């Protein structure tokens, strides 16, 4: 199968080291695509989980191997660390092998639009309602995504396609939808403050691509629930894809 080429690929929230990471789907995606730019927008290795219940099968190692191989072969790989891999923020402006690390980064699309790239956890204090409730929510989330993993293992045994139970449950919650809206608003305001045309983030595990108040807002989703990725085509158009089911999450979005 011929590899699919994009000008730019964004991925985040792969959470390697977490047993719920969809590393096999991610490795397959990376091995079957090429790009001029590859942006890793945080939470690539889940150091939180690795510090307590480390889980590192071959598929997780394969993801890192492919990323470093791409960088070695000429793909420009930029890593913007997140809140689950904050250790790497100490290397801002430096690199690991051929991978360069930045707290934030501005990418210019082929048609000249400037996109600010962040992880997104910088807005947590503005949105979260307290540490205790946050920990409860985090525990509930881990429980749901674990159930999601077992469900999809069962679906796979019956030849059924991947389906995100966790995403379906989240979108039925008014509190979750409110949180997502606040996050998007914070991202857009930050983009305006920095004088850019758009912003690309991760963190909230909710893939999205739209315009808000004249600002391009994109979230590349995650590889725990949705196996989603944001891509820039050669004409500068942006698009969200779901690799687990090989389908488009959105039509092409013209940045012009």
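Details
- Placing a label point 7 Å from the Cα of residue 122 along the Cα-to-Cβ direction, the residues of region 39-55 whose backbone N falls under 19 Å from that point are 39-44.
- Added length on full extension, which subtracts the Cα-Cα distance from 0.36 nm per residue, residue 153 to residue 98: 16.3 nm
- Relative contact order of the chain: 21 percent, from C-alpha pairs under 8 Å at least 6 residues apart in sequence.
- Where labels lie 7 Å past Cα in the beta-carbon direction, separation of residue 193 and residue 37 in nm: 2.2 nm
- Here the sum of -39500 (n - 2.57) over DSSP H runs of 4 or more residues, divided by the residues of the chain, equals -10500 deg cm²/dmol at 222 nm, to the nearest 500.
- Centre-to-centre, using Cα atoms only, region 90-114 and region 210-224 are separated by 18 Å.
- The modelled label-to-label distance between residue 73 and residue 210, using points 7 Å beyond Cα along the C-beta direction, is 3.7 nm.
A short reminder: the numbers here are calculations on the coordinates, not readings from a lab. None of the values given here were measured: they were computed from a predicted structure. Using ideal geometry, Cβ is built from the backbone for each residue, glycine included, and neighbour counts are taken over all protein chains shown.
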